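Rule-based calculations on the coordinates, nothing more; no lab input. Since the model is a prediction, treat every value here as computed from it, not as a measurement.
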Amino acid sequence: MFSSKLPTTVFAPMALTAAAALCLRASAAPQEPAQQEIPAGSEVAPEVAQASPLDLAFHAVSKMPLRPHIKTRSRLQADLVQAALDVGRLDDASSWAAGIENWRRGLALAHIAVHHAKAGDEEAATKAIGVAEAFEATILGEDDQGWRRDRVRVRIAEAYGLIGNRAKAAQIQASATPSESGRLASMAVQTVADADAEKQMQTLETIAKTGDLEQIRYALLAMTEFYGRALGKPSDDEGFASPDNVEERIKAAWGELPIEPRIDIVERMIQFDVEAGSPAAERAAGHTAEIAALVTDNRWNAEQAIGLRARVAGLLQSTGDTRAARSMANEALALYETSREGIVNIYRGAALRPLAEAFLTLGDADTATTVYERALAEALENPNSRPRVTDLAMTAISVATAPGYEAPKTLLGAFKRASEGIGAPW
């Protein structure tokens, strides 16, 4: 199991069995959670103080009836909390987290703890961890035990790891289900000493050979961290695997993975290539060509094909091939035009958002704005608000978190119309 393999060599200096970790966790949990620190949620939608895309989206999502839509509503609210944190709106994120009605409030509170930890504010992170753990201790519903509660715990573990408390992170990881504990793998291997790197890679290879698809994916993504580290080593460093060696081992182990997770893995390697600069430029170009071939040489449904081509366009731009990037983005846009009628309206936004992001990467904000506006308009074709509000939230997150992009008045107007149109029937 993932949880029995990674923690013993990564976060903690001693092995922690799952049973021991659970006992330690139980003894550390508060007997009576400080409920007063966790404001109760409300079915009443918050007032919109500023008409930003995130505000409008959260307002619209919060109108969704708890019955029967609590899962969708809470998931979108938690995603919007993370987006608010990403753009520096901590007060809004904290307020919004308090309005989430199910276990995902704990996840949103853990997002806040991670935010503080990443910012290097250990005091604020520790306090936020305490609030998140207090709520996590109240997640007692039968349906919420298992992966849902572990999702919260693992996010809390990430905060612990970021502030240097590796033993606590290991304790939580050891007690989580394998599918959830694997989320910590990439972060965890970043702390492995060079002398232990080979042993850890072998452990990850074993997991990739024996685990389920999720475990394989997490293990191989973790191995890309070693690829990135290898890029920074001298070519004659015999004490650490070469980038080629790590890549060969990753690809030798991914035989069971579908194509899209493979693309995720190669994309992570491209990110390391780009960060390494000109010495890895040829690698970046080769990896991008590899993804382009996976996308163009395989069959996808229309919305997948458009989104993946948009993704390739962004990668091509990141490697400096602007001409090819523009060509791929234009190809994706043309494919949308010819395929639109065959795409179910609830999936059109999923095709258009990555396309808008690709044009932003190309520096073409005008086309990106047009594509975003079209995504919002397409969502309005569905008579039910549940899929419409999902599109609204995901588009708002894309717009708000796009680096350097300021939504023009026309797009803000489109968001306002989309938000105002949310209501029964759901």
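Please tell me which of these pairs span more than 21 angstrom C-alpha to C-alpha: Lys63/Lys118; Lys199/Lys233; Lys118/Lys233; Lys209/Lys251; Lys168/Lys233; Lys127/Lys168? Among Lys63/Lys118; Lys199/Lys233; Lys118/Lys233; Lys209/Lys251; Lys168/Lys233; Lys127/Lys168, the Cα-Cα distance tops 21 Å for Lys63/Lys118; Lys118/Lys233; Lys168/Lys233.
The three principal axes of the Cα atoms in segment 133-222 give end-to-end lengths of 41, 30, 15 Å, sorted in falling order. Helical runs assigned H by DSSP (4 residues or longer) give the chain a calculated mean residue ellipticity at 222 nm of -22000 deg cm²/dmol, each run adding -39500 (n - 2.57) before division by the residue total. Evaluating 6.51 cos²θ - 1.76 cosθ + 1.60 at θ = phi - 60° for every residue in segment 78-84, the Karplus couplings come out as 5, 4, 5, 4, 4, 5, 4 Hz, glycine and proline recorded as x.
Tell me, what is the Rg over Rh of the chain, with Rh the Kirkwood radius over Cα pairs?
Values: Rg = 22.4 Å, Rh = 23.0 Å.
Computed over Cα atoms, the ratio is 0.97.
Working note: Karplus 6.51/-1.76/1.60 with θ = phi - 60° gives segment 144-160 the couplings 9, 6, x, 5, 5, 5, 5, 4, 5, 4, 5, 5, 4, 4, 4, 4, 4 Hz, where Gly and Pro are set to x. Is segment 301-397 rounded, prolate or oblate when judged by the Cα gyration tensor, a ≥ b ≥ c being the square roots of its eigenvalues, rounded requiring a/c under 1.5 and prolate requiring a/b larger than b/c? Prolate, because a/c is 1.5 or more and a/b exceeds b/c. Taking the Cα atoms of segment 222-333, the ratio Rg/Rh between the radius of gyration and the Kirkwood radius comes to 1.00. Over segment 90-169, one equal point on each Cα, no solvent: what is log10 I(q)/I(0) by the Debye formula at q = 0.15 Å⁻¹? Listed by q, the Debye log ratios stand at -0.46. For the chain, modelled as a GNM with alpha-carbon contacts under 10 angstrom, which of Ala402, Ala113, Ala169 fluctuates the most? Result: Ala402 has the largest fluctuation of those listed.
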